[in-house]
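Structure record follows, encoded as structure tokens.
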């Protein structure tokens with residue numbers, strides 16, 4: 001199964017992906033699974049970061065990934081987004097799109113968005129402008145110079161501002177936001193790209209209790225519309241949001257199930273929760 005080529009200029013919401021290729025329209029989730037990783041192995045200078053890792057994420061699911069430092073969580077996200085190429089194994093987006101064949105830009109264009117732990121926003125621009133700049137549209141120079149937001153685009157930004165709890169901060173410089181607000185803004189910027197899958201790396205690290213609670217509400221709201229994969233160390237946060245929890249250890253899946261099931265798993269207690 002390979003990512004098919006097409007001449008349709010509206011593939012994945014419009015335009016060719018970086019590198020000149022235009023990807024096949026739509027994501028086939030006829031089997032209800034949107035992301036498949038099978039037997040993924042990655043080694044760095046003899047260290048096996050991932051060791052025959054296999055997991056799958058359902059369309060619209062909110063999955064939390066936990067595990068000790070060095071378990072392979074970041075490498076897993078790097079493989080999904082094309083930053084790291086696996087030594088072996090396969091990664092499919094839906095039934096037909098082989099992510100190992102695509103560049104990072106093509107994977108993002110196809111519908112997979114990633115938020116890193118440290119928020120990256122345009123601090124000298126307003127919150128509204130950050131969302132406008134992130135909007136999925138023709139980014140070529142001529143189009144950008146003549147671009148004007150239409151009513152539908154302004155409505156999309158307004159809806160996103162409300163969703164990420166920043167409706168009252170639209171005109172504020174992003175650099176003046178709190179840490180938690182910057183995290184929400186970056187999630188909003190990802191949403192402007194219309195992703196099917198969101199990968200969130202430790203989204204509540206450094207947040208206040210109130211910000212953490214609001215972020216949990218946001219994650220639960222996003223699930224269903226999107227598939228949300230959260231890598232997090234805050235077990236109370238994970239327990240409050242996850243549909244399913246996957247525990248990684250030494251580059252493989254150690255346990256999987258509800259938070260209660262993994263918390264009571266003797267292997268998980270020994271290698272992670274009991275520390």
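What to note about this one:
- For segment 27-48, the candidate set comprises residues that are touching a residue at least 60 places away in the same chain (Cβ under 8 Å) and outside any strand (DSSP E or B); within that set, the residue that is nearest to the chain's Cα centre (by Cα) is 27.
- Number of the exception - residue 120 against (1) over 16 Å from the mean Cα position of the chain (by Cα); (2) assigned to a loop (DSSP other than H, G, I, E, B); (3) exposed (fewer than 14 other Cβ atoms within 10 Å of the Cβ); (4) in contact (Cβ under 8 Å) with a residue 40 or more places away in the chain: (1)
- For segment 49-91, the set of residues classified as touching a helix residue (DSSP H, G or I) at 6+ places or on another chain (Cβ under 7 Å), under 17 Å from residue 39 (Cβ atoms) and part of a strand (DSSP E or B) consists of 49, 50, 53, 90, 91, listed by residue number.
- Subset of segment 239-255 (residues that are in contact with a strand residue (DSSP E or B) (Cβ under 8 Å, 6 or more places away or on another chain) and either under 19 Å from residue 266 (Cβ atoms) or in a loop (DSSP other than H, G, I, E, B) (or both)): 242, 243, 245, 246, 247, 248, 250, 251, 252, 253, 254, 255
- Residue count, segment 216-238 (criterion: in contact with a strand residue (DSSP E or B) (Cβ under 9 Å, 6 or more places away or on another chain) and either surrounded by 15 or more Cβ atoms within 10 Å (Cβ to Cβ) or part of a strand (DSSP E or B) (or both)): 15
- Out of 152, 170, 174, 158, one residue alone is more than 18 Å from residue 220 (Cα to Cα) and crowded, with 21+ Cβ neighbours inside 10 Å. It is 174.
- When residue 57 is tested against (1) crowded, with 17+ Cβ neighbours inside 10 Å; (2) touching a residue at least 60 places away in the same chain (Cβ under 8 Å); (3) more than 13 Å from the chain's Cα centre (by Cα), just one condition goes unmet, and that condition is (3).
- Helices (runs of 4 or more DSSP H) wholly inside segment 136-211 that include at least 1 residues being at pLDDT 95 or above and over 19 Å from residue 125 (Cα atoms): 151-163
- Pairs with Cβ under 8 Å, 6+ apart, first in segment 245-270 and at positive phi and in contact (Cβ under 8 Å) with a residue 40 or more places away in the chain, second assigned to a strand (DSSP E or B) and buried (at least 19 other Cβ atoms within 10 Å of the Cβ): 251/42; 251/49; 251/50; 251/53
The values are calculated or read from the model by the stated rules, or taken from the named source; none is laboratory data. All of these numbers come straight from a predicted model, not from anything done at the bench. We place every Cβ from the backbone using ideal geometry, glycine too, and count neighbours over all the protein chains shown.
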